[in-house]
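Notes for the one structure printed next.
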Amino acid sequence: MKILITESIAQEFVEDLRNQGFEVEEYLGHSQEEIEQHIKGCDALIVRSATKVNEALLSNADCLKVVGRAGTGIDNIDVPACTEHGVIALNTPTANNMAAGELAVAHAFSIFRNLCDANEGTHNGDFRRGNWIGIELEGKTAGVIGLGRIGSIVSRKLKGIGMNVVAYDPYVQDEKFEKLGVTRCSTLDDLLKVCDLITLHTPKTKETYNMLAKEQLYKCKRGVRIVNAARGGLVNEQDLADALAEGQVAAAAIDVFDVEPSYNKKPGEQEFDNVLLHAPHCYITPHLGASTKEATYNVGSQVADLVARALKGEMVAALNMPAIEGDINAIRPYCNLAEKIGKMYYQTEKSPVKKLSVSYAGGIANQNMEIVTMSLLVGILKGMGVDTVSYVNVKECVDSFGIKVEEKYEPEVKKYNNLVTVKFFNDDGKELEMAGTVFEPNTEVLVSFYGYEMNCTLHDTLLALKNEDVPGVIGRIATILGRHNINIVSMHWGRKANDNSAKAQAFVSIEQPVNSKILKEIESCDGVLKVSLIDFT
Ligand code: NAD
Ligand code: MLT
């Protein structure tokens, strides 16, 4: 499978992906149009903030399954369009928070103490320090717009240096303000009029775009200083340049532009201009918020890991999937179990499924298991040969086949700590049931199969056999497998409770694949009633 990387991530994780067998192409410094052409044949795309993952790119992608945003902001990713194209969109929302928070604070220090001008002056032989008299941060008021992950880090640090911190974030509860010791401003205007420093930490949305324009900038104290290390366009660039020129804003530190240049081109190759590059007392960094060794490592390792997992069909937390409650590592084995149960249906039955009822019993019934149900559906659809199904389009796929899905939660369970039971209602009017559990830490076990009680670990390849419950059957099967050099990993037998039909169900885990000829041979064995090959790979 091919992964295209259009903006650089830590090299060691590029190599990691190659070592896992993926073909990886680093396609850096190319235009959006070139990337849109180059996306053909790629199964995954890794980007940072410059590549636009939009309809134009997605409609050119013929086999794209995953988009990994190496970073936090997703304003360059059209998530609904990804969903429509069945593409998993994921990001690494916590990997670079500290780096971005520290950059905002560094910028605040810098513009309060004129560090950039002083540096430039002294390098040009001007040591007249009286020209660069700054102001102290201690005792001044900082206004944080957006009290999320990074806004909270910045608040904590600014409080630590003795600033009085106020914040505006209508979506955050009072409790968080209280915990951080930050004063709540109920309106943006309330914040604007009291601050010596304003630092922005919201995403770029319709609501936040140009949230600081001329009107707002002139509601601020004269001489206010502004830091934007969140997203370009939160502060209107032309209005800020004018306010700087007029002295309404004393200084600004800008890490992000509304439209950004390519961060991979050499200086002479860059055709980029912006009004803020020419504005007085405006100090620019090239979207440097996440550029620390630590954040580069964290972002690279997380995005590579998530993209690889998603390509392997594992469930990962993604932007266009329901939020996963609790520990993803604890829930993942149940997803694997459910997907395997789903895959088993069409490998053992022919009649189309009309309705599914899945019940979660025991401890797992206390949390939302929607993602596990989705795994079950992915398994069923893959079993139907729907290769394009993924977590993001599975609901639409299931709807298109008219399959009804019901979810139940039952805290009480008799035999196991947790139990997933799936009832398949099919076109033949039959109701077939499979149930499974997970033995710590992540062994998926089938405990009941169409009425037969089991205790079968779900290895990658199994033979499911219905047979006469008489001596010798299993011996004959083992002999055939041995003759064909097929190694048996384990065998499990099950009977129906209170059943005198003298039928049994067996599962044989095998290490090598069996072909249809061997299957026929087993099927024609004395005492064998039905044999199905179950392949989870
Ligand atoms: P977050 O989602 O944790 O926090 C964003 C906060 O903004 C939320 O609390 C939300 O309630 C608030 N918000 C949304 N709309 C608002 C509005 N209209 N008014 C006030 N508050 C509003 O995000 P985060 O991880 O803290 O990231 C913050 C920003 O920093 C994002 O734009 C992200 O893309 C950017 N970022 C930049 C860099 C960089 O390199 N410069 C690095 C990382 C993140
Ligand atoms: C982010 O949103 O993570 C930052 O803008 C950093 C980046 O894009 O590299």
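The values are calculated or read from the model by the stated rules, or taken from the named source; none is laboratory data. The structure displayed is predicted, hence computed values, not measured ones. Positions of Cβ are generated from backbone atoms using ideal geometry, with glycine treated the same way; all protein chains shown enter the neighbour counts. The protein model used for the area step is the full one, side chains on, heavy atoms only, and it has no ligands, DNA or RNA in it. Shrake-Rupley method; radii C 1.70, N 1.55, O 1.52, S 1.80 Å.
Some points to look at:
- Folded to 0 to 90 degrees: helix 149-160 orientation relative to the chain principal axis, Cα: 40 degrees
- Placed amide H near V165: partners under 5 Å, 5+ positions off or other chain: A142, T183
- Order of exposure, largest accessible area first, which applies to Y297, Y168 with probe 1.4 Å: Y297, Y168
- Tilt relative to the chain, helix 328-348 - C-alpha long axis, 0 to 90 degrees, to 10: 40 degrees
- Mean separation of Cα contacts under 8 Å, 6 or more apart, over the residue count of segment 105-198: relative contact order %: 28 percent
- For segment 386-393, 3J(HN,Hα) computed residue by residue from phi via the Karplus equation (6.51, -1.76, 1.60; θ = phi - 60°) reads 7, 5, 7, 6, 9, 4, 7, 10 Hz, glycine and proline entered as x.
- Cα centroids of segment 431-484 and segment 237-299: 62 Å apart.
- Residues of segment 97-284: accessible area per residue with a 1.4 Å probe, Å²: 50 Å²
- The chain, accessible surface, carbon-and-sulfur percent (1.4 angstrom probe): 49 percent
- Per DSSP, loop trypsin sites (Lys or Arg not before Pro) in segment 67-142 with at most 15 further Cβ within 10 Å: R128
- Of the trypsin sites (Lys or Arg not before Pro) in segment 314-385, the ones in a loop by DSSP (not H, G, I, E or B) with at most 11 other beta carbons within 10 Å are K350.
- Among 356-368, 471-483, 56-68, the order from most to least packed when residues are scored by Cβ within 10 Å on average: 56-68, 356-368, 471-483
- Selected from S516, A253, S8, residue furthest toward positive end of dipole (the chain; charges at beta carbon): S516
- Residue-by-residue Karplus 3J(HN,Hα) for segment 497-503, coefficients 6.51, -1.76, 1.60, Hz, glycine and proline x: 5, 6, 10, 10, 7, 6, 10
- Largest-first ellipsoid semi-axes for the chain, taking √(5λ) over the Cα gyration tensor eigenvalues, angstrom: 59, 25, 19
- When the convex hull of its Cα atoms is projected in every direction, mean area for segment 1-56 (nm²): 3.7 nm²
- The chain, helix-only ellipticity at 222 nm - DSSP H runs n ≥ 4, -39,500 (n - 2.57), divided by all residues, nearest 500: -9500 deg cm²/dmol
- For segment 132-243, a crude dipole built from +1 on the beta carbon of Lys and Arg and -1 on the beta carbon of Asp and Glu, taken about the Cα centre, is about 220 debye to the nearest 20.
- Sequence ranges 185-191, 1-7, 425-431, ranked by mean other-Cβ count within 10 angstrom, highest first: 1-7, 185-191, 425-431
- Relative contact order %, segment 177-251, counting alpha carbon pairs below 8 Å whose residues are six or more apart: 33 percent
- Considering only the chain, percent of DSSP beta bridges that pair antiparallel, nearest 5: 50 percent
- Structural descriptor for the chain: relative contact order 11 percent, calculated from alpha carbon pairs under 8 angstrom and at least 6 residues apart.
- Which of D469, D399, D174 is most accessible, then next, and so on - probe 1.4 Å: D399, D174, D469
- Using a probe of 1.4 angstrom and keeping all protein chains present, the accessible surface of segment 423-480 works out to 43 square angstrom per residue.
- The GluC sites (Glu not before Pro) of segment 122-195 that meet both conditions, a loop assignment by DSSP and at most 15 other Cβ atoms within 10 Å of the site Cβ, are E136, E138.
- For G41, nonlocal amide neighbours, meaning residues 5 or more places apart or on other chains whose placed amide H falls under 5 Å from its own, are D62, C63.
- From phi via Karplus (6.51, -1.76, 1.60), per-residue ³J(HN,Hα) for segment 7-14 in Hz, x at Gly/Pro: 9, 5, 10, 3, 4, 4, 7, 5
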